[in-house]
Amino acid sequence: MPDDSTFEPEFGDIETMLRDLDPTDLELETPPDSVWEGIAAQLALDEPQTVGGGATVVAAPFGRRRSWMLPLSAAAAVILVVAAGVFAVTSSPSSSELASADLAFAPGFDPAGESAAASAVLVDDDGTEFIRIDDDALPFDAEDDASLELWLIEADADGNVVDLVSLGDIDPDPDGDRTFAVPAGYDPAVFTVVDISIEPHDGDATHSGRSILRGALA
Amino acid sequence: MPADPTTTSESLDAAFAAGHADLRAVYDAHGKLVYNLCRRALDPDTANDVTQEVFVSAWKGRGQFDPAKGNLGQWLVGITKRRIIDHLRSERRHADRRADEDTYIQADVHSEPTVDRLADKMLVANVLEQLPDRSRTVIHMAYVDDLTHQQIAEQTGLPLGTVKSDIRRGLQRLRQQLEVNHA
C-alpha cells in the first residue's frame, strides 16, 4: 500500500473498516413493502382508542395479529396455564382478589421511578375484573405536563412485550379512585404484567417507553 | 440545509428523542440499514420479521433512546444485533435437539462477533451510500478496489488534489456518523 493512499492515524479506524468491505457489502437492498405494512399494522393494534367519556375500546381481535407472533402463542399458553393455576388457588367465594403484583423499579426504567413503590391487585367484582393500585408512593410531580399511566402487558417467555393496553391515567389525588376496569378482550391471565409509565401530554396515545414500575400478577 | 443528510438525520434523532418523530421518517432513514443487517445474518423470511420487530420495539421503547450515547442508526443497529442473536440462539436450541453438543457450543462462540462485524460493515456501507456520488466513487476505488490516489486520478480524470480532498471529506463524514461506536 503506497503512502499516499492512507490518512492514518487520523482516520485509521474508518480506513480499517472500509478495507474490510467486500463489494457485495455495498449492495444494499430496499426492504419489501410488506415489512413497513407489518410495522404499521402492528402498532395500530397497540393504540387504545377512546370514545365518549374516555372508556377504553379494544379494537384488536386476535386474528389480526402478525403471523410472526404465532410462535409466541406457545409461551403465552404457558403463562396462561401457570396464571390460571394461581387464579384457581387464590380465588375463593370469600375473596374477590384473584391475583396481585408488587410493582418494582428496574434498570433501564425512567429514573423518576427509582424510589417509587406500588402494588396492583386483580379484583373480580361480580364477573367484572378490575386492577386496583394499592400502597402507592408514586412520583406524580416528577415532570410538568405529564401523567402516570397504567398498562397491562402481554410478555413472551423472554420478557419482551408482545402486546399492551392502557387502563388509563392514575389520578394524582391521594383520595382518588385507583381502580381500573380491565378492557374487554384483554385477559389478565395473558396480559399478566402491570406497568406504570410517565406519559408526556404530547398527543401520542402510545406507551412513551418510560416505565417507572412493573410487576407480574401472580 | 435540508439537502445535507447529516443535518436531516440529526434533527430526526432529536425529534425521535423528544417523542415527536414520525415513525415512517425513521423507517425511511434507517429501514435499509436494519433490513440489510438482518438479511446477511438470517434467512429472508426471518429477516423481514426481525426488521419489523426492531422498528416496533424501537418505537415502543423510544424513551430509552439517548442521543448523547450515539445516533439513532447506531441505536437501531444495537437493537437489531440483539434480536438477531436471540433468533440465532433460538434456532440453535431447536437444532440442538438433533445435533451433538460440540456443534452447539462452537456455534454459540462464533455468532456474536460475526453479528458485530456484519453490523459494522452495514453501518459503514449505509453511510457510504449517502455520500455525494463523486466522494463515494473515489472512496470505493481507494478502499474497496485498493487503488492508489494516483491511479484513481488517472482513471477518473480528476486532479490528484481533488481526489485527496474528496476522500478526506468522505472519511470525515464517515467518522462523524460512526465515531460514538468506535471512539
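For A:Thr24 and A:Asp126, what is the calculated FRET efficiency with R₀ set at 60 Å and r taken between the beta-carbons, to the nearest 0.05?
Calculated transfer efficiency: 0.40.
At a 10 Å Cβ-Cβ cut-off, how would you order A:Thr206, A:Thr179, B:Thr80, fewest neighbours first?
Going from sparsest to densest Cβ surroundings: A:Thr179, A:Thr206, B:Thr80.
On a full-extension model of 0.36 nm per residue, what is the gain between A:Asp102 and A:Asp33, subtracting their alpha-carbon distance, rounded to one decimal in nm?
On the way: separation 69, 0.36 × 69 = 24.84 nm, distance 4.26 nm.
The A:Asp102-A:Asp33 span can extend by a further 20.6 nm.
If r is the Cβ-Cβ distance from A:Val162 to B:Gln150 and R0 is 45 Å, what FRET efficiency results, to the nearest 0.05?
0.20
Which lysines, on any chain, are close to B:Lys164 with Cα under 25 Å apart, when same-chain ones fewer than 8 places away are left out?
B:Lys121
Set the Förster distance to 25 Å, then compute FRET efficiency between A:Ala181 and A:His201 from the Cβ-Cβ distance, nearest 0.05.
In this case the efficiency is close to 0.65.
How would B:Trp75, B:Trp59 line up from fewest to most surrounding beta-carbon atoms within 10 angstrom?
If I rank by nearby Cβ atoms, fewest first, I get B:Trp59, B:Trp75.
Multiply the residue separation of B:Ser90 and B:Asp28 by 0.36 nm, subtract the distance between their alpha-carbon atoms, and state the gained length in nm to one decimal.
Result for the pair: 19.4 nm of gain on full extension.
Could you tally the net charge around B:Ser135, taking each other residue with its Cβ under 9 Å from the Cβ of B:Ser135, Lys/Arg +1 and Asp/Glu -1? Intermediate values should be presented prior to the final figure.
Working: positive: B:Arg134, B:Arg136, B:Arg169, B:Arg173; negative: B:Asp133, B:Asp166.
Within the 9 Å Cβ shell, the charges total +2.
If we count every other residue with Cβ under 11 angstrom of A:Trp36's Cβ, Lys/Arg +1 and Asp/Glu -1, where does the sum land? Provide the component values of the computation, followed by the final result.
Working: positive: B:Arg24; negative: A:Asp33, A:Glu37, B:Asp28.
Around A:Trp36, the charge tally is -2.
Every number here is computed from the coordinates shown, using simple stated rules; none is lab data. Just so it is clear, the structure is predicted and the values come from calculations on it, not from any experiment. Glycine gets a Cβ as well: all are built from the backbone with ideal geometry, and neighbour counts include every protein chain shown.
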